[in-house]
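This report concerns only the one structure given below.
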Amino acid sequence: MMFSSLRTRIWLSYSLLIVGVLILVMLGVAVGLRNSPILYRSALLRLRLAEAVVSTRLEVFVNQNTERVEKLLEREADQRQIRFLLLDSAGAVTFDSAQGEEAALNGLPTPIASGVQDPVNTLRIQDAQGDTWLYSIQELPSESYLMTALRQPRVALRTILRDELVAPFLRAGIIAVFLVLMISLWLSNWITKPILKIAASANQAGGGSFEEIELGGPTEIRQLTDAFNQMVRRLKISQQSQREFLANVSHELKTPLTTIQGFAQALMDGTIDSQEEQKNAAEIIFNDASRLHRLVLDLLTLTRLESGALNLDLQPFNVGELIQNIGKRLSIQAEQARVHLVIDLPALPTILGDGERLSQVFTNLVENGIKYTPSDGTVRVGATVKLNSVIIEVADTGQGISAEDQKRVFERFYQTDKSRKGGAERGFGLGLAIARQVVLAHQGRIWVQSEPGQGSSFFVEIPTSNVVAKPPTSTV
């Protein structure tokens, strides 16, 4: 469980990364030191210095006996830890300061060429044991040659690591791990703090408390926090909508149910005894029951539309003819309200849709226009044909809708102004919510444009099919 923490994982991953990098760097440095040409140059410098000194001294003993020369070479070899050999003109070894066949050098160069041209790469030779020697050859006045040899320097990788690198790299590793611990603690806190806030806020949301979180941390965490805040805002809206929905349903049900209950009780008690009063009571009960029936049907329709459970009967039909029929049907209602209803449509194409549901949408929009337009006002229905869609506009000359109300006008039970024309006969506030869901089910969109005092215009855009348009319709 200790490694399940994000903070621990960040610290551990950084620590392992630093330790791994230190080990790789240490091995690289060790290999570099082991193969460094500095060792060869130092050995060759020592080799040639010994050669110069010893060859100068041998010139003094050039005419001396061989025994004295050999003793000089043995002494110099012992002091300098360098191997000296004497060669005759044929390249045969006449003296070797290193004794034993195991030290015999293989493959001496013939003919002998004195002078060093490229000591690091060319003047090398192996002995009987397979060890490599660096060497130099100097010609002597006595028609002999002095060969100075030095075992090729090579330091074991284990020795370099043990003596040169382990201690400093260990100290550096301890310091690096400590710094990584400090940085990773800060970094993990920077990353995990907003995550912990999100977790705490999510737990509070389970209890109905929705709190947004201040943005912080890296970009990805900020994006997560922003997405969480958007979800919180949607939950707040949804919760508020649910509360308003329950309150509105309760209100819409309470009044007619109270009326029905009161008149039914009066009929049962015999309080209403005259035939005319009984008829009026029965009519009131019938009207309120019908109102409740419409409310329940509208709620069921809206719920099915929002959940996608309502199947549309998609058939090709001419939307112009549909709106024209709606205009004829509502013309009497417009005359009674002393409102001019104008249907002014261009040639409209055939669309694929549910004619009954779209008729419900346009009927609701036109009825709202008539209801909220004052006497001698006008409700005009127009249309615009686009490349792949048709836009139907229902405009009125009523009081208009405020900007704040326009944001919520398509919500369930929302009514912009309960005191406007319509009074007690106003609807439930479900018409536009149903209209919106029907339009969305047709892959279209619906919106409103309005300014207080200048009327309102509702727009419905529906995708069209590729069918030849019919001639323009007449005006009502």
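The values are calculated or read from the model by the stated rules, or taken from the named source; none is laboratory data. Owing to the predicted nature of the structure, the values given are computational and were not obtained by experimental measurement. Because the Cβ atoms are built from the backbone with ideal geometry, glycine has one as well, and the counts that use them run over all protein chains shown. Heavy atoms of the whole protein, side chains included, go into the accessibility calculation; ligands, DNA and RNA do not. Shrake-Rupley method; radii C 1.70, N 1.55, O 1.52, S 1.80 Å.
Which percent of the accessible heavy-atom area of the range 308-412 goes to carbon and sulfur, probe 1.4 angstrom? Could you put the intermediate results ahead of the total?
Details: 2370 of 4990 Å².
Summing carbon and sulfur atoms, their accessible area is 47 percent of the total for the range 308-412.
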Counting Lys and Arg as +1 and Asp and Glu as -1, what is the net charge of the other residues whose Cβ lies under 14 Å from the Cβ of Val381? -2
Charges at C-beta only: +1 for Lys and Arg, -1 for Asp and Glu. How large is the resulting dipole of the range 289-411 about its Cα centre, in Debye rounded to 20? 140
Do any of Lys236/Lys386; Lys328/Lys386; Lys193/Lys236 go past 29 Å between their Cα atoms, and which? Lys236/Lys386
